[in-house]
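This report concerns only the one structure given below.
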Amino acid sequence: MAERLVACNLCEASCGLRVDVDGHHVSGVRGDPDDPHSRGHLCPKAVGLAQLLADPDRVRHPLIREGERFRRATWDEALDRAAAPLRELRARHGADAVAIYVGNPVVHAHGSALASQLLTMAIGSKNRFDPNSQDSNPRTFACMQVYGDPLAMPVPDLDRTDFLLILGANPVVSKGSMMVAGDVEGRLAAIRARGGAIVVVDPRRTETAKIASEHHFIRPGGDAALLLAILHVVFGEALVSAPHGDRLAELRGAVAAFPPERVAPAIGMTAPVIRSLARRLATARTGCVYARVGVCQNEFGPVASWLVEVTNVVTGRLGAIGGAMFPTPAADVATLGRILIGNRWGRWRSRVRGLPEYLGALPSATIAEEIETPGPGQIKALVVIAGNPVMSTPAGERLGRLLPRLEHVVAIDYYLNETTRHAHVLLPPRHVFETGNFELILHRFGVRNGARYSPAILATPDDTRADWEIATELALRLRAPRRAHHFARRLARDLPDRIVDTLLRLGPYRLSLAALRAQPHGVDLGPLVPGVRIRRGRANLAPGVFLADLPRLGAWIDARAAALVLIGRRDLRSNNSWMHNLAALAKGPDRATLHVHPDDATRLGLVDGGRARVRSSAGELEAPVVVTAEVMPGVVSFPHGFGHQAAARTLAIAAALPGASANAITDARRVEPILGTS
Ligand SMILES: Nc1nc2c(c(=O)[nH]1)N[C@H]1C(S)=C(S)[C@@H](COP(=O)(O)OP(=O)(O)OC[C@H]3O[C@@H](n4cnc5c(=O)[nH]c(N)nc54)[C@H](O)[C@@H]3O)O[C@H]1N2
Ligand SMILES: Nc1nc2c(c(=O)[nH]1)N[C@H]1C(S)=C(S)[C@@H](COP(=O)(O)OP(=O)(O)OC[C@H]3O[C@@H](n4cnc5c(=O)[nH]c(N)nc54)[C@H](O)[C@@H]3O)O[C@H]1N2
Ligand code: SF4
Ligand SMILES: [Mo]
């Protein structure tokens, strides 16, 4: 048995692990106290990551569909069978007939991230989808508008801030999002230990709220309104300090219509609380607003995300110690992103509903209708890499019913999940312990600068291949003449590592992959450096696209809607729709429960431990009820990613778990108007 050092890549925390390896078998997983970033921290999912190696349901060789069944195939046969119909459909119906969905896990591995981009380019379709339209699009869009680049994203300087306002994020469970912080709970606890304050604003009293100094409920979707009211106070009380902001006067004019007294009743807060928040935020020695998924996944996500940036800028926190600071990554992915994807919005629109492209992708809310609606450009085939859109996109259940109608589906995934079970060809990737990894994208969001190369620690006994290799082989079959394959293959081999090596060498610390390999615990590159590293050095505080959406927000505020609103809930032993097939994470009480406030329970005749029927404009599900004052009145909470019964034949443990899919009742028609975020 030997101890190996490797990083977990399931979430942004990137915990350094010590793994006991016995041949192909992992017998133990511990946190690595010598990892300067994660400091020995880990969560139960690390054990799940090890169990993934041994999961009997994980696919270990290529599969080809024969009627209702799959049979084992060689890689050559499977790749040919994957590519030929894609070429044929493209020739017959045009490139847009082949759609591609790129799932969340590719963000966490440099080889997979580049693989997904290579496949996207090889397919060349306008119908490219990813989960960002349920996730981060409003955030990156706000950064693009305000700072000029979607990845020019300031992160909270957690280790030095005195006042942290957290909106719509639950880092104690999620471990941080677009905020890469090992041992995030320890870093948050340290804020209070040194006399600082954490204020959480969330419709649920979350695990993070419980370790904060203060928690306030907010009506879902209310953050944009709250921030306008905060800015109203900041301007009104002359607390502005915006050395890096342009168009301050327009911003001042825009917020004038949103005093706390107008906003408060609509968002379930009070004007004195809003005023106090504004004053403390603006006058704390150091301070920062941090917002994530809860602020994006609602009808005002883009405006709210813009106002988060603006609030940090006008309170003088941008690029300041303890404020919202720009990391200095060792290898910067932003340039690569500009070249490969282009920082654009609205280059094309979805065929049926006319929703805009953003960063090369259309909103996932349009997939089903693009499959369903006949005519030129209709989707006939789908390639899925590392995703499960049936579980993760709005109207996912409807998508599940449509997939069998497609002429061809190719999936690159460990599992035959609710989506990939409809594949005609399944191409299984390697486990991260078998491939080596550099967190290329995440270092853009580090609360401290650092870098780490995580080597392959196991030789695979399976007939699997790395995502990059699979993508290369598919791309060759889609685009290159046979005689060029041998040469192109050689050119592509190790290309992801070579790209990372080049970026490291060009980077500010003049590192290299070899230098990182020599530092197996990872290297700490110091605290964030003050300064505003954005184009022109100025922030545009008043982009027209957001100002134009304010009347809609004003109408929402004045309407004071009262309908029950559904929000999500993440769980420590769950990772979106997957990792539910692993004993270490599947055990324990049912998590797919509906949290209901006691007042609502009484009104609706619901009892703790009973069942509720939840109906939306899109569908219906049934869930066990937990009556709890931890959600605010008028709000119910239900997690996504559960309800695996449809995959009973291929996900034995997950399918035995109770639960229903939240995305059976999210309505694909209900998106915000700027980006089409669900
Ligand atoms: N254990 C675990 N960790 C994960 C994941 C997982 O599934 N499980 N998923 C990973 C992924 S893909 C992501 S993107 C990140 C997300 O990371 P976070 O953004 O930290 O994740 P959430 O826990 O969804 O936090 C969102 C919070 O917003 C609140 N909320 C909902 N609507 C509103 C609103 O309108 N306003 C406000 N202010 N709050 C609102 C919710 O109650 C919730 O507490 O987590 C990552 N980490
Ligand atoms: N209602 C509701 N819906 C949501 C959310 C919500 O809060 N509420 N959250 C949204 C968010 S933030 C996200 S990010 C999405 C996630 O949505 P998706 O990305 O569509 O789905 P995941 O559940 O992450 O599934 C990932 C799949 O990738 C496979 N996989 C894992 N690692 C690898 C790998 O290295 N290579 C390959 N090829 N495959 C791999 C897994 O087996 C799994 O099948 O869900 C979104 N959907
Ligand atoms: S917090 Fe858990 S899932 Fe995230 S990197 Fe650490 S061990 Fe992995
Ligand atoms: Mo996400």
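The values are calculated or read from the model by the stated rules, or taken from the named source; none is laboratory data. None of the values given here were measured: they were computed from a predicted structure. Methodologically, a virtual Cβ is constructed for each residue, glycine included, from the backbone with ideal geometry; neighbour enumeration extends over all protein chains shown. Accessible surface is based on the protein model in full, side chains and every heavy atom, while ligands, DNA and RNA are left aside. Shrake-Rupley method; radii C 1.70, N 1.55, O 1.52, S 1.80 Å.
Could you check how many percent of all C-alpha pairs in the range 190-257 are farther apart than 20 Å? Don't jump to the answer; show the numbers that get you there.
Details: 1095 of 2278 pairs.
So the pairs more than 20 Å apart make up 48 percent of the total in the range 190-257.
Rg to Rh for the range 185-344: what is it, with Cα atoms only and Rh by Kirkwood?
So for the range 185-344, dividing Rg by the Kirkwood Rh gives 0.98.
What angle do you read, to the nearest 10 degrees and between 0 and 90, between the alpha-carbon axis of helix 137-147 and the longest principal axis of the chain?
That helix lies at roughly 60 degrees to the long axis.
Over the range 77-119, average the accessible area per residue using a 1.4 Å probe and give it in Å², no decimals.
Values: 1340 Å² over 43 residues.
Counting only protein heavy atoms, the per-residue value for the range 77-119 is 31 Å².
Determine the sum of side-chain charges near Leu277: Lys and Arg each +1, Asp and Glu each -1, restricted to other residues whose C-beta is under 14 angstrom from that of Leu277.
On the way: positive: Arg275, Arg279, Arg280; negative: Asp202, Glu214, Asp223, Glu237.
So the environment of Leu277 carries a net charge of -1.
Any chance you could list P(r) for the range 538-667, counting all Cα-Cα pairs in 10 angstrom bins from zero, rounded to whole %?
Bin by bin from 0 Å, the calculated values are 11, 33, 27, 17, 10, 1.
Out of every Cα-Cα pair in the range 171-219, what percent are more than 15 Å apart?
45
Can you show me the helix-derived [θ] at 222 nm for the chain, built from DSSP H runs with n ≥ 4 at -39,500 (n - 2.57) apiece and divided by the number of residues, rounded to the nearest 500.
Computed mean residue ellipticity for the chain: -9500 deg cm²/dmol.
Assuming a viscosity of 1.002 mPa s and a temperature of 20 °C, what translational diffusion coefficient in µm² per second does Stokes-Einstein assign to the range 333-404, Rh being the Kirkwood radius over Cα pairs? Walk me through the numbers on the way to the answer.
Numbers: Rh = 13.5 Å.
In µm²/s, the coefficient rounds to 159.
At 1.567 mPa s and 4 °C, plugging the Kirkwood radius over alpha-carbon pairs of the chain into Stokes-Einstein gives what diffusion coefficient in µm²/s?
Result for D is 51 µm²/s.
Give me a comma-separated list of calculated 3J(HN,Hα) values for the range 273-285, in order, Karplus coefficients 6.51, -1.76, 1.60 applied at θ = phi - 60°, integers in Hz, x for any Gly or Pro.
Residue by residue, the range 273-285 yields 5, 5, 4, 5, 4, 4, 5, 5, 4, 7, 10, 4, 4 Hz.
What's the angle, to the nearest 10 degrees (0 to 90), between helix 184-193's Cα axis and the longest principal axis of the chain?
For 184-193 against the chain, the angle is about 20 degrees.
Could you check how much of the accessible area of the range 22-161 is carbon and sulfur, as a whole percent, using a 1.4 Å probe?
Looking at the range 22-161 in its full context, I get 52 percent from C and S.
In degrees from 0 to 90, rounded to the nearest 10, what is the angle of the helix 550-559 Cα long axis to the longest principal axis of the chain?
Taking the Cα atoms of the chain, the angle to 550-559 is about 70 degrees.
Expressed as a rounded percentage, what relative contact order does the chain have, with Cα pairs under 8 Å and six or more residues apart?
Relative contact order of the chain: 20 percent.
Using the Kirkwood radius built from alpha carbon pairs, what does the Stokes-Einstein equation give as D for the range 1-159 at 4 °C and 1.567 mPa s, in µm² per second? Intermediate values should be presented prior to the final figure.
Values: Rh = 19.5 Å.
Rounded, D is 66 µm²/s.
Using a 1.4 Å probe, what is the accessible area per residue for the range 523-615, in Å²?
Heavy-atom SASA per residue in the range 523-615 reads 50 Å².
With every protein chain present, what is the per residue accessible area of the range 363-402 (1.4 Å probe, Å²)?
Heavy-atom accessible area per residue stands at 25 Å².
Let me confirm the definition first: pairs of Lys residues in the chain, 8 or more apart or on different chains, C-alpha distance under 23 Å. How many are there?
6
Let me check against my output: what whole-number percent is the relative contact order of the range 46-120, with C-alpha pairs under 8 Å and at least 6 apart? Provide the component values of the computation, followed by the final result.
On the way: 33 pairs, mean separation 10.1, N = 75.
That works out to 13 percent.
Can you send over the carbon and sulfur percentage of the accessible area for the range 184-237, probe radius 1.4 Å, protein chains only?
Ligands and nucleic acids excluded, carbon and sulfur reach 49 percent.
I'd like the Kirkwood hydrodynamic radius of the range 568-624, using the inverse of the mean 1/r over distinct C-alpha pairs, in Å.
13.3
Explain nothing, just compute: Karplus ³J(HN,Hα) = 6.51 cos²θ - 1.76 cosθ + 1.60, θ = phi - 60°, for every residue of the range 516-533 in order, whole Hz, x for Gly and Pro.
For the range 516-533, the Karplus curve yields 6, 4, 6, 10, x, 8, x, 10, 9, 10, x, x, 4, 9, x, x, 10, 8 Hz.
As a test, work out the antiparallel percent of DSSP beta bridges whose residues both lie in the chain, rounded to the nearest 5.
In the chain, DSSP labels about 50 percent of beta bridges as antiparallel.
Counting only protein heavy atoms, what percent of the accessible surface of the range 546-664 is carbon or sulfur at a 1.4 Å probe?
57
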